[in-house]
Structure formats: structure tokens, C-alpha cells
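To start, the structure itself, in C-alpha cells.
The values are calculated or read from the model by the stated rules, or taken from the named source; none is laboratory data. Since we're looking at a predicted model, the values are computed, not measured. Cβ placement follows ideal geometry from the backbone for every residue including glycine, while neighbour counts extend to all protein chains displayed. For the accessible areas, the whole protein counts, side chains as well, though only heavy atoms, and no ligand, DNA or RNA atoms are used. Shrake-Rupley method; radii C 1.70, N 1.55, O 1.52, S 1.80 Å.
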Amino acid sequence: MDIDLILRVYPHFLKAAILTIELSVLTAILGLVCGSLGAAARLSRFQALHFLGAAYVSLFRGTPALIQLFLLYFGGPQIGIQLDAFEAGVIGLGVNIGAYMTETIRGAIISVHKGQTEAARTLGMSSWQAMRYVILPQAFRLMVRPLGVNINALIKGTALVAAISVVELTYTAQRYIGSTYKPFEMFLLAGALYMVIIYITGRGISWLDRKVRIQ
Amino acid sequence: MTHHRPFVDIRHAQKCYGELEVLKDISLQVEQKQIVAIIGPSGSGKSTLLRAINDLDPLTSGEVWLDGVQVNKLLPHTQYEKHINQIRQQIGMVFQHFNLFPHLTVRENITLAPKLLKGISDDEANVLAEQQLEHVGLIDRIDYHPSQLSGGQKQRVAIARALAMKPKLMLFDEATSALDPELVEEVNQVMKMLAEEAMTMIIVTHEMGFAESVCDRVLFMDGGVVVEEGAPEVIFRNPTQERTKNFLRKHLEGVK
Ligand SMILES: Nc1ncnc2c1ncn2[C@@H]1O[C@H](COP(=O)(O)OP(=O)(O)OP(=O)(O)O)[C@@H](O)[C@H]1O
Ligand SMILES: [Mg+2]
């Protein structure tokens, strides 16, 4: 193994890792927004919204994320959507992971015992008040871990945007392979950096999970 | 017009779950300060009837009136929601499994609804919580979480939470059925105290002794109908219907 090479190129990889982190953070935020809206739609008493939420979930979970990304980035201009690669990456991955998060958030909300809603409604609270003060605080505790699983998948999923040449970790590895012919070292380095990002995120999720449980 | 208006008036209540008719044309009137027990075998429709009173399980047909106002009025959704939230503030309900809010302290369990719905200040809410907990004998648990309480204590907090809304009517759905036998009495004591304070109550129960000692009237339900009703002495000592006799005999055997 060419340790010298690794030491030489790793600052470039670090820069790429920063981009992967940025991509992950923005994607996670967009995913959470889409997931919350999706869950709200899925749980809405309006038939049309309910259907819209269900369609969103099955569409985006039922097709490869890579196809969605290509459709947005390469197919977008054809219908007047001009995005640079980074923007397309964030939007494509964010909306995709949002479909998974929709199910996570909805699952947490409906697994709060229905007696809780009944007790709140019986006291005279509106359905919104019951949701806001009784159900969501309990659902939030239940969703931290499964959302962590979604975020883990999302971080690994950012590798896909290499395919539309965003200069993140995976793309950087490929580029250096082109000039060094050392795929083993380059992919090992990229993999190690992914692992660090995922490990730290995982610790953060565990910490948050413990915190919301104790209070 | 001096036509008498019952406090709680259930008229021709019918409830169907698909093909299954769970309540079959039940009418029931309860006067102010009356305490009515509903007994009957499992699946006879006791809970369904009780939960129709605050429209938690809406009737298929029939009417429910409380103090001259129709509870299950037909209204457009938003108007109905406003109406029913108003009505429900006046009807306390106690569940078999307590349904305390586990993420809130005992104090917050009690003050959440009054704060949201009556717009009282934090200070007023605290006074209210203290009063209600004093009432059920749990003032020393005010800052505990529900998970730190025994079943009997949880149920007393649930009663205090309902009472904090100053209801005109209290509904109990087997309030002691989920409790260990040694914890039943403390909850019964609280309910007796409410009886002495002249609260109007409708109590679904499996405890015949309690029903006999506290209630003014007993309804025996079976298969979605009220088979027999009357004073506790009559229902428990001299029931006229065969089904009532059978139920009470089986129940006595079960208790022994
Ligand atoms: N959501 C529902 N869907 C279908 N059937 C229901 C539903 N809720 C209740 N039932 C049925 O309605 C009937 C009456 O139920 P209910 O809970 O009122 O009985 P109960 O007298 O309270 O019995 P228990 O003593 O076991 O609490 C039962 O046959 C029950 O299976
Ligand atoms: Mg029942």
C-alpha cells in the first residue's frame, strides 16, 4: 500500500469530505422538511392530501435515487429546470430521503397510543392542540433513532452525486484514480472518511436519543 | 312550558360497526347529581354507550343531549369541532388505562388543558393543580412523572386532571379494572368523595359492591340493549330478568 501517496492526497480528500458533509446537512434539512410535510399530508383528513402524500412516498421509494437524480439534472433543462450539479444533488437526494422520512415520522406519530389522543380530546383540546402538546412530543422521542437510520442512509447516498460530477468524496476518489492508478488506496481513503462522518453522526443521534428519553 | 328537561338525555341511541349493531335503540336519562352505574358482560356495549356521551364514538343514529344542548349536532366540520370541544370541557372522562401524558409531570398533566382552553395564568394553573391534588391526596407527588406512580395514584391523578376542567358530568369507564386489587380502594374512595360532593356521574364498572353502595341507579346491559334498570337494591337483590340473574350469578362465582 502506498502510504506516501495517501499522505500526499489526503488534504484534497478532506476538502471533498467537507463538501460531502455540506451536502449531507442540506439534504437532511430538506429531507426533514419534506418528511414532515409528507407525514402531515399522509395523516390529513383531506382525501386529496392523503393521496398526494401516499403518491409521493411510493413514487420516490419505488424508483432508484440515481434515476431521480439524472432525471432532475439531465432531464430538468428540457423542461426549464436549470440547476447546477450541487443544487440538483441536494434537491434530488433531499426529496428522495424525504419520502423515507415521511414514513418514519408518520410511523412514530401513529405508534403513540390512541388513548393519548382520546384523553386530550376528552379534555376539550382541538385535534391540533392534541397533536402539538400531547402526540408530537411523544412521537419525537420515538422518531430520533429511525430518523438516524434515514440519515445514515442519506450520507452514504451522497456518493450518488459523483455521477453528476459534484466534487465530493467519491468523485474525488475517482478523479485521483485517473491520475494515480491506485484505486485501492483512493477508495480506502474515501471509505475511511465516510466512516468517520457516519460514526460521528451516529454518536450525535445516540446522544440526542438519550437526551430526549431522560427528560 | 314546564316540560322537564333531563340533564343527560340519550334518545334512541344506535351504533353500528358495519353489520354489527352494538347499541340497539338505547334511551337513558340522568338527572343532575345522580350517579348511574352501567354493568353487563364484556362486549355488551357499555363503553360504546359511555363514549357516545362525549361523542368519542359517534352514534350511528340517535341523539345525546347535555343540559339542554345537543352534543352530537350535525354541523360542518370546523363548527362541529368548536362545538364539541366546548361540550367536552364540561364532561370529564376517566379511562381504564389512565391515559396520563407520560412526557409531562403530574402538575403539567393537570394544568395543560386548563391553560390551553381557559387561558389561565401559570400562577392560577399552579394553584389549580395544588387544589386538585390536595383533593385526591397526592399533593406530595406534584412534580413526579406518571411512570413514577402506582396504578392507583395514576388513576387519582387522571381524576384530578379531569376535575381541573370543572366538569358538570363525570364518566368512568372501568376506572379500577386495570388496578391490582389492593389499589382499588383508594380510587373508590375518591369516587365516593365525588359522590358526596354531588357530582353527576355515569360509571361503567365490574364492581357490584361499589355500584351498590355508591350509585342511585343501575343499568344492566347485554347485547346492545338495556335489559333491566332500577335502584341498586332491586337490580342486585331482586332482579326480574333472567339474563340479569344469570349475569349476577356468574359474576358472584367469578368473584369467589
Ligand atoms: N372500533 C370497533 N370496531 C368494531 N367493533 C367494535 C369497535 N369497538 C367496539 N366494537 C364491538 O362493539 C361491541 C361492544 O363493545 P364495548 O367496548 O362497548 O363493550 P363493553 O361492554 O365495554 O365490554 P368490556 O366489558 O369488555 O369493556 C363489542 O362486540 C366490540 O367487539
Ligand atoms: Mg368496555
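Which residue is surrounded by the fewest Cβ atoms within 10 Å (Cβ to Cβ), if the candidates are limited to region B:15-34 and must be charged (D, E, K, R) and not in a strand (DSSP E or B)?
Of all residues in region B:15-34, those charged (D, E, K, R) come to B:15, B:19, B:21, B:24-25, B:31, B:33.
Narrowing the set further to residues that are not in a strand (DSSP E or B) leaves B:19, B:31, B:33.
Details: B:E19: 5, B:E31: 13, B:K33: 13.
If we take residues in region B:15-34 being charged (D, E, K, R) and not in a strand (DSSP E or B), then B:E19 is surrounded by the fewest Cβ atoms within 10 Å (Cβ to Cβ).
Looking at region B:197-217, I want the residues that are free of Cβ contacts under 8 Å to residues at least 60 places away in the same chain and more than 11 Å from B:A231 (Cα to Cα) and have a partner that is within 16 Å of ligand 2 (Cβ to nearest atom) and open to solvent by less than 50 Å² (accessible area, probe 1.4 Å) with Cβ atoms under 7 Å, at least 6 apart or on another chain. Which pairs are those?
B:E207/B:T176
For region A:73-164, list the helices (runs of 4 or more DSSP H) that sit wholly inside it and hold at least 1 residues that are free of Cβ contacts under 8 Å to residues at least 12 places away in the same chain and within 21 Å of B:T105 (Cα to Cα); which are they? Don't jump to the end; show me each part of the working.
Numbers: elements: A:85-110, A:114-122, A:136-157.
Per the criteria, A:114-122, A:136-157.
Conditions tested, residue by residue: (1) over 22 Å from B:A175 (Cβ atoms); (2) assigned to a helix (DSSP H, G or I); (3) open to solvent by 60 Å² or more (accessible area, probe 1.4 Å).
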site: B:A211; (1), (2), (3): no, yes, no
site: B:M221; (1), (2), (3): no, no, no
site: B:V226; (1), (2), (3): no, no, no
site: B:E229; (1), (2), (3): no, no, yes
site: B:I235; (1), (2), (3): no, yes, no
site: B:P239; (1), (2), (3): yes, no, no
site: B:T244; (1), (2), (3): yes, yes, no
site: B:R249; (1), (2), (3): yes, yes, yes
site: B:E253; (1), (2), (3): yes, yes, yes
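Kindly provide the set of residues from region B:147-179 that are outside any loop (DSSP other than H, G, I, E, B), within 14 Å of chain A (Cβ to nearest Cβ) and surrounded by fewer than 23 Cβ atoms within 10 Å (Cβ to Cβ), ordered by number. Walk me through it before giving the result.
Applying the first criterion (outside any loop (DSSP other than H, G, I, E, B)) to region B:147-179 yields B:147-148, B:151-163, B:169-173.
Right, trim to within 14 Å of chain A (Cβ to nearest Cβ) and you get B:147-148, B:154-155, B:157-163, B:169-173.
Those that are outside any loop (DSSP other than H, G, I, E, B), within 14 Å of chain A (Cβ to nearest Cβ) and surrounded by fewer than 23 Cβ atoms within 10 Å (Cβ to Cβ): B:S147, B:Q148, B:L163, B:L169, B:M170, B:D173.
Name the residues in region A:176-213 that are among the β-branched types (V, I, T) and more than 26 Å from the chain's Cα centre (by Cα), would you?
First, pick out the residues of region A:176-213 that are among the β-branched types (V, I, T): A:177, A:180, A:196-198, A:200-201, A:205, A:212.
If the condition is that a residue be among the β-branched types (V, I, T) and more than 26 Å from the chain's Cα centre (by Cα), then A:I177, A:T180 are the ones that fit.
Checking the conditions here, which among B:N85, B:N126, B:N99, B:N109 is among the polar types (S, T, N, Q) and within 16 Å of ligand 1 (Cβ to nearest atom)? Show your work before the answer.
Working: B:N85 fails: within 16 Å of ligand 1 (Cβ to nearest atom); B:N126 fails: within 16 Å of ligand 1 (Cβ to nearest atom); B:N109 fails: within 16 Å of ligand 1 (Cβ to nearest atom).
Just one listed residue meets the conditions, B:N99.
Looking only at region B:161-186, which residues are more than 16 Å from ligand 2 (Cβ to nearest atom) and either farther than 28 Å from B:P6 by Cβ or hydroxyl-bearing (S, T, Y) (or both)? Working first, answer last.
So the first thing to find is which residues in region B:161-186 are more than 16 Å from ligand 2 (Cβ to nearest atom), and the list is B:161-170, B:180-186.
B:D180, B:P181, B:E182, B:L183, B:V184, B:E185, B:E186, listed by residue number.
Out of everything in region B:180-206 that is of a type outside the set (S, T, N, Q) and crowded, with 20+ Cβ neighbours inside 10 Å, what residue ends up being farthest from B:H135 (Cα to Cα)? Can you show your working first?
So in region B:180-206, the residues of a type outside the set (S, T, N, Q) come out as B:180-187, B:190-199, B:201-204, B:206.
Filter again for crowded, with 20+ Cβ neighbours inside 10 Å, leaving B:187, B:190-191, B:194, B:201-204.
Working: B:V187: 12, B:V190: 8, B:M191: 11, B:L194: 10, B:M201: 17, B:I202: 20, B:I203: 20, B:V204: 23 Å.
Filtering region B:180-206 for residues that are of a type outside the set (S, T, N, Q) and crowded, with 20+ Cβ neighbours inside 10 Å, the one farthest from B:H135 (Cα to Cα) comes out as B:V204.
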